[in-house]
Structures are given as structure tokens and as C-alpha cells.
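Visitor: One structure is given below, represented as C-alpha cells, and several questions about it will come after.
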Amino acid sequence: MNRLRSLLLPALICLSAPAFAQTTPKSPFQFLPHGLGEQFTPHHMLNAYFEYLAEQAPATMRLEKYGMTNEARPLQIAIFSTPENMARLEQIRQNNLQLTGLAEGQGSTANPVAIVWLSMSVHGNEPSGSECSMLLAFQLAIQMDPKIAGWLKNTVVIIDPSLNPDGYDRYTHWYRGVSNLIKNPLPDSREHHEPWPGGRPNHYYYDLNRDWAWATQV
């Protein structure tokens, strides 16, 4: 009997392993130490969630770092689509460049795949974009909604979760330090009077509304 148990136990573990591997990744509500939307999420936690999600859903999501800010915060993008499209991202990219005249070649108009770029929180003191990017990334990665899965058959979505990490952290750390558990709606409350230079610009006080396109912080 003991010999039989010793043979059955490894077999049961092996059989159950795929079930554990196929579990749905944690939503940002489950991952963050605070509820999503209850308070601002520091940049390192925002990054940690995207890194976690990319590890959990490699078939539908890819995370790519494209630089560092002046204050050594990572700049990265998350790419989402169906597993079939993710396997041919370079082909899709080249075809889009050709169709727009930015690369040599004709480009195919038969079943083209659109590329959607979402830049979050260009101004660090407007952090709601970065906050909502986590829930959006979760929905795009798990693709449990048939509508989302259908959209992604002909779409690649690229999310930059924080266009201005230095300004974002400047603001979120300040706000978390001065706000109360119960937010104060009075205009004279300290949490409504952000000190200079505020979170709008990046490290060198560039307004990225104008200067982001020229990669001034990469």
C-alpha cells in the first residue's frame, strides 16, 4: 500500500500542475496593497503589476523597456493582442510602416491589423490614466470577454502605463503624504495645493505635452 501511494502521489501532482498554471492572473484589485482607485499607486507598484501580468500571460502580453528617466525609473510599454498576432508582431509592424509610406514595400491591405497606442498620464499630477491602465491591461491580457478577444483579432494595443514617471512619483508621493484617510473636499485643504514644481513636468521641468515626441527624457 505504501509503495502504491508513493507511485500515485507524484502522478497526481503532475496531473494537477496544468490546473494551477491555467489560473487567471490577479486583478489590480487583488494585487495592490490598497484597492484600485482608493489611493494613488506609486510608480514602482505600477511597474510591478505590469511585470507580474506579463509573466502570467506571456501568450497575449509582452513588456518591453525602452529607456530610463533621469531619476532612473524604467520607461516601458506593454503590447497586447491574440496569441496568433503576438507571434508575428514584427510582420504586423512592418506592414503598418509600408501602408503609411514609412518603409519600402507595398504593404498588404488584406486583413490588416491596426495598431492602437495609449499613452497614460503625460502629466504626473493627472495620475488617473496610469491608475486605469492596470485594469485595462488586465482585461486585455486575460481576454475573457468575447468582445475584447474579437477586437484583438485585428488589433494590437500598446500601452505606455506612465509617460512621465518622475513627475508621476513626485505627485503621488506628495499626495499620499498630505492627504487624509477620508479625503477633504474643502478647497483650502492642503491636499488641493500642490507645491512647485508639481508633478506636471518631468525631471527637467519639460512639459511632455509638447516634448515627449522628441524623446527628451529617454
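The values are calculated or read from the model by the stated rules, or taken from the named source; none is laboratory data. Note that the structure is a prediction, hence the values are computed from the model and not measured. Reconstructed Cβ throughout: ideal geometry from the backbone, glycine too, with neighbour counts over all protein chains shown.
Visitor: Just for the range 76-91: of the residues that are in contact with a helix residue (DSSP H, G or I) (Cβ under 6 Å, 6 or more places away or on another chain) and not in a loop (DSSP other than H, G, I, E, B), which one is nearest to V122 (Cα to Cα)?
Guide: So, considering only residues that are in contact with a helix residue (DSSP H, G or I) (Cβ under 6 Å, 6 or more places away or on another chain) and not in a loop (DSSP other than H, G, I, E, B), the one nearest to V122 (Cα to Cα) is A78.
Visitor: A110 passes all but one of (1) in a helix (DSSP H, G or I); (2) over 30 Å from L208 (Cβ atoms); (3) hydrophobic (A, V, I, L, M, F, W, C); which number fails?
Guide: With respect to (1) in a helix (DSSP H, G or I); (2) over 30 Å from L208 (Cβ atoms); (3) hydrophobic (A, V, I, L, M, F, W, C), A110 is out only on (1).
Visitor: While we're on this one: For a quick check of your reading: which helices (runs of 4 or more DSSP H) sit entirely within the range 117-202 and have at least 2 residues that are closer than 13 Å to F40 by Cβ and modelled with pLDDT under 95?
Guide: 165-178
Visitor: So is G105 out of contact with any helix residue (DSSP H, G or I) (no Cβ under 9 Å at 6 or more places or on another chain) and either aliphatic (A, V, I, L, M) or over 21 Å from Y66 (Cβ atoms) (or both) or not?
Guide: So G105 fails the test.
Visitor: Here's a follow-up. So if I check each of E104, E90, which one is at pLDDT 95 or above and surrounded by fewer than 11 Cβ atoms within 10 Å (Cβ to Cβ)?
Guide: E90
Visitor: Which pairs do you get when a residue that is without any contact (Cβ under 8 Å) to a residue 12 or more places away in the chain, found in the range 97-124, comes within reach of a residue that is part of a loop (DSSP other than H, G, I, E, B), reach meaning Cβ atoms under 6 angstrom, with the pair 6+ apart or on two chains?
Guide: L97/A103; Q98/G105; Q98/G107
Visitor: Further, regarding this structure: Output the qualifying pairs, or none if there are none: Cβ atoms under 6 angstrom, residues six or more apart or on different chains, first residue in the range 198-217 and under 21 Å from Y175 (Cα atoms), second residue assigned to a loop (DSSP other than H, G, I, E, B) and among the charged types (D, E, K, R).
Guide: Taking only residues 6 or more apart or on different chains, the pairs are P201/D207; H203/E71.
Visitor: When the range 38-80 is examined, which residues are found to be touching a Pro at 6+ places or on another chain (Cβ under 9 Å) and basic (K, R)?
Guide: Within the range 38-80, K65, R73 meet the criteria.
Visitor: Now for a separate question. Identify all residues within the range 1-32 that are part of a loop (DSSP other than H, G, I, E, B), at pLDDT below 95 and not β-branched (V, I, T); write none if there are none.
Guide: Within the range 1-32, M1, Q22 meet the criteria.
Visitor: Considering only residues of the range 132-153 that are surrounded by fewer than 20 Cβ atoms within 10 Å (Cβ to Cβ) and touching a residue at least 40 places away in the same chain (Cβ under 8 Å), which is nearest to Y171 (Cα to Cα)?
Guide: Ranking the qualifying residues of the range 132-153, first place goes to L135.
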